[in-house]
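So the structure is just underneath, and the comments pick up after that.
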Amino acid sequence: MSSFTTRQVIFSICVATAFIGIVQASDPDILFDYIVPPNVTKIDENLFTYTKIRGFFHGPNLTETKSMLASMAEFPILNGQSVSLSFLRLGPSGVSAPHTRPHATGLFFVLEGQFEVGFVDTTNKLYTQTLETGDMFIFPKGLVHYQYNADCKKPAVAVAAFGSASASTVSIPVTLFDTKIEDVVLAKSFRTNVATIRKLKAGLGNKMH
């Protein structure tokens, strides 16, 4: 990520989080300024600071696909604040497989490179867009969506802001093929045969663990 400076990263995060006001939050309102996590005895500026995302921007493999989440699980002080962030880097020709976030709308902001994105609404209409550096795209809460880097040589990097402190992800491939749904049920659902379902599971198996 040599072409992206620290100042640009900070600015981009500020832009993404500034738009969180337009996102409908699913977290309940709290009656306090913040909720102190259990077992915390000292309240100072460190309680409100999260530094582990630094590793996303520095290291030997800045072209490989990687994602990092700063949600309540990783950054406990977010509890009750109705906000979290996710950082995504897709390597050349990389894809973030179709997934949903049941509890949060996502505002996707491209930091570097180009993304092909899309989501499917409840009428089964597909909306797609090609995003350049500096572009934003909104993924409505609960809808299936994806991101793809069509560039076969360069990575693409983005940050997403969510209107929930717990923006959990439900992966469609994992949900269908890495659970205990019977092969015959999947075969009938996809109007294919059990052998094809087992081939899909075998092909996806190494990528889901």
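The values are calculated or read from the model by the stated rules, or taken from the named source; none is laboratory data. Keep in mind the model is a prediction, meaning the values are calculated, not measured. Cβ sites come from the backbone with ideal geometry, for glycine too, and all protein chains shown count toward neighbours.
Residue check: LYS201 meets all listed conditions (1) buried (at least 18 other Cβ atoms within 10 Å of the Cβ); (2) among the charged types (D, E, K, R); (3) not assigned by TED's automatic domain parsing to the domain that holds THR63 but one, namely (1). Count of the range 174-194 residues, restricted to those that are in contact with a helix residue (DSSP H, G or I) (Cβ under 7 Å, 6 or more places away or on another chain) and either polar (S, T, N, Q) or assigned by TED's automatic domain parsing to the domain that holds THR100 (or both), is 1.
Please verify whether the range 157-168 includes one or more residues that are of a type outside the set (A, V, I, L, M, F, W, C), in contact (Cβ under 8 Å) with a residue 40 or more places away in the chain and out of contact with any Asp or Glu (no Cβ under 9 Å at 6 or more places or on another chain). Step through it out loud before you land on a result.
Start the filter on the range 157-168 by keeping residues that are of a type outside the set (A, V, I, L, M, F, W, C), which leaves 163-164, 166, 168.
So of that shortlist, the ones also in contact (Cβ under 8 Å) with a residue 40 or more places away in the chain come out as 163-164, 166, 168.
Checking which are out of contact with any Asp or Glu (no Cβ under 9 Å at 6 or more places or on another chain) leaves us with 168.
Checked the range 157-168: at least one residue is of a type outside the set (A, V, I, L, M, F, W, C), in contact (Cβ under 8 Å) with a residue 40 or more places away in the chain and out of contact with any Asp or Glu (no Cβ under 9 Å at 6 or more places or on another chain).
Out of the residues in the range 146-172 that are part of a strand (DSSP E or B) and out of contact with any Ser or Thr (no Cβ under 7 Å at 6 or more places or on another chain), state the one that is surrounded by the fewest Cβ atoms within 10 Å (Cβ to Cβ). Going through the qualifying residues, I end up with SER171.
Go through the range 195-209 and give me each residue that's in a loop (DSSP other than H, G, I, E, B) and either in contact with a helix residue (DSSP H, G or I) (Cβ under 7 Å, 6 or more places away or on another chain) or modelled with pLDDT of 95 or more (or both). Walk me through how you get there before you give the answer.
Let us first name the residues in the range 195-209 that are in a loop (DSSP other than H, G, I, E, B), namely 206-209.
Passing the criteria: only MET208.
Considering the range 91-145, the residues that are charged (D, E, K, R) and assigned to a loop (DSSP other than H, G, I, E, B) include one that is farthest from the chain's Cα centre (by Cα), namely LYS125.
Residues that are at pLDDT 75 or above and surrounded by 10 or more Cβ atoms within 10 Å (Cβ to Cβ) do occur in the range 18-27, at least one of them. Is it true that THR65 is in the same structural domain as PRO102 (by TED's automatic domain parsing) and modelled with pLDDT under 80? When the stated conditions are applied, THR65 does not pass them. In the range 68-83, of all residues being over 22 Å from SER96 (Cβ atoms) and either free of Cβ contacts under 8 Å to residues at least 60 places away in the same chain or not assigned by TED's automatic domain parsing to the domain that holds GLY106 (or both), the one that is nearest to the chain's Cα centre (by Cα) corresponds to PRO76.
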